[in-house]
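What follows is a set of notes on a single structure, which appears directly below.
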Amino acid sequence: MKKSGLFALMICMLGTVYGQVKQPVLRISPFTDNGAGSSEASMLERLINSYIVELKLFRVIDAKGQEIALMETEAALSLGASATAALPLTADFIISGMLGKIDNLYIFTLENTKVSSGEKLSVSDTANTISDIVLRARSLTRSLFGKQDPPQTASSTMPTSAGATPASSFPVLAGVQPAEDAVVFKSPGVKNLVGTWKGDKGLENVRLLPNGTGIAVLSGGGTMKVRISIDADAIMIVQDQPNNVAMYKSVSVTLDMAKKIAAQARPMQWIFTLSPDGLNLSGTKESVSISGNGTTLKVDNSYQREATWTRISR
C-alpha cells in the first residue's frame with residue numbers, strides 16, 4: 001500500500017511538472033528619454049514592467065535581474081556545474097521604451113523585438129502631460145500584446161489632459177468666424193486646427209501643433225510626422241517624413257509585405273475642410289491601394305477615399 005501510494009504521488013508530481021507550459025523570456029531594456037527627463041522614463045519603465053508581469057505571458061527580467069543571473073552563473077560554474085545547467089535566462093523578446101518631448105507634447109513609444117527574427121512591433125501615445133501618459137500606460141502595454149482593456153461602463157470617460165475641453169462642449173474657435181449658414185469654416189488658420197484629433201482608418205490620433213506640424217499615432221504602432229498647409233478653405237495635411245514599415249504593418253499585412261509597400265507608396269495626404277463649429281475635418285485621403293499577395297503585390301498610388309477626423313481636445 002505504501003509503495004502504491006508513493007507511486008501515485010510521483011505520478012502526480014510528474015504530471016504537474018510536465019503540465020506546465022514553458023513561458024518565453026522577456027527582457028526589459030532601460031527606457032530612454034529625449035528631452036523629457038530620465039526620472040520620468042525610469043518611472044514608466046517600472047510601471048510597464050509591472051503591467052507585463054500582470055499579463056502572465058512571460059518570465060520577465062530586466063538589466064538588474066540579468067546581472068544577478070550572470071553572477072549566479074559564474075558562481076555555479078566555479079562550483080562545477082555544467083554550462084548548460086548554469087545557463088542564465090536568455091531573452092526571447094526585448095521590450096524597449098522611449099519618452100520624448102516636442103514643445104509641450106509628450107510622446108511615449110513602446111517597442112517589442114522578437115530576438116529570433118528581429119521583427120518589431122511598436123505602439124505610441126501622445127499627451128500634454130506626463131500624468132496622462134502614466135494613466136494610459138497600462139492600456140498601451142496591453143495593446144502591444146494584443147490585449148484589450150475590460151469594457152468601460154457607460155459612465156466611464158476617456159481621460160483627457162488637464163484643462164482639455166470635451167468635444168461636445170467645444171466652442172467655435174477664435175479666428176475668422178463662419179457665417180451662420182456656412183457649410184465649412186471660412187479661411188481657417190493653423191490656430192483653428194491646433195489640438196488632438198481622432199484620426200481616420202489607420203490612425204489612432206493626431207496632435208496638430210501651433211507651428212504647423214503634427215504627430216500622428218499609427219494604429220499599427222509608431223508615429224508619423226505631418227505638416228499643415230492651407231489654401232483658402234482647403235486644408236492639406238501631408239506626411240512629412242520618409243515611409244517606414246510601421247505605416248503599413250497590420251494584422252493582415254505581414255512584415256515583408258509592409259516593407260514592399262513602404263518602398264513603393266507615395267506620401268499620404270489628407271485634403272480637408274473644417275466644419276463651422278471647428279469640431280470635424282472632412283474630405284479625402286490620398287494614399288495607396290494594395291492588391292495581390294506577398295509574391296505578386298501591386299501598389300496603386302492613385303487611390304483616394306473619404307476621410308474624417310474628429311476633435312478630441314484643444
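For the range 170-314, compute Rh as the Kirkwood radius over C-alpha pairs and then the Stokes-Einstein diffusion coefficient at 10 °C and 1.306 mPa s; write the answer in µm²/s, rounded to an integer.
On the way: Rh = 16.0 Å.
The estimated diffusion coefficient comes to 100 µm²/s.
With r defined as the distance between the Cβ atoms of THR90 and LYS56 and R0 fixed at 30 Å, what FRET efficiency is calculated, to the nearest 0.05?
0.90
Grab the beta carbon distance between SER42 and LYS225, set R0 = 25 Å, and tell me the FRET efficiency rounded to 0.05.
Numbers: r = 27 Å, r/R0 = 1.07.
E(calc), rounded to 0.05, equals 0.40.
I need the calculated FRET efficiency for the pair SER250 and THR129, taking r as the beta carbon distance and R₀ as 35 Å, to the nearest 0.05.
Efficiency at R0 = 35 Å is approximately 0.70.
We did not get these values from a lab; they are worked out from the coordinates using the rules stated. These numbers come from a predicted model, not from an experiment. For neighbour counting, all protein chains shown are included, and Cβ atoms are generated from backbone atoms with ideal geometry for every residue, glycine included.
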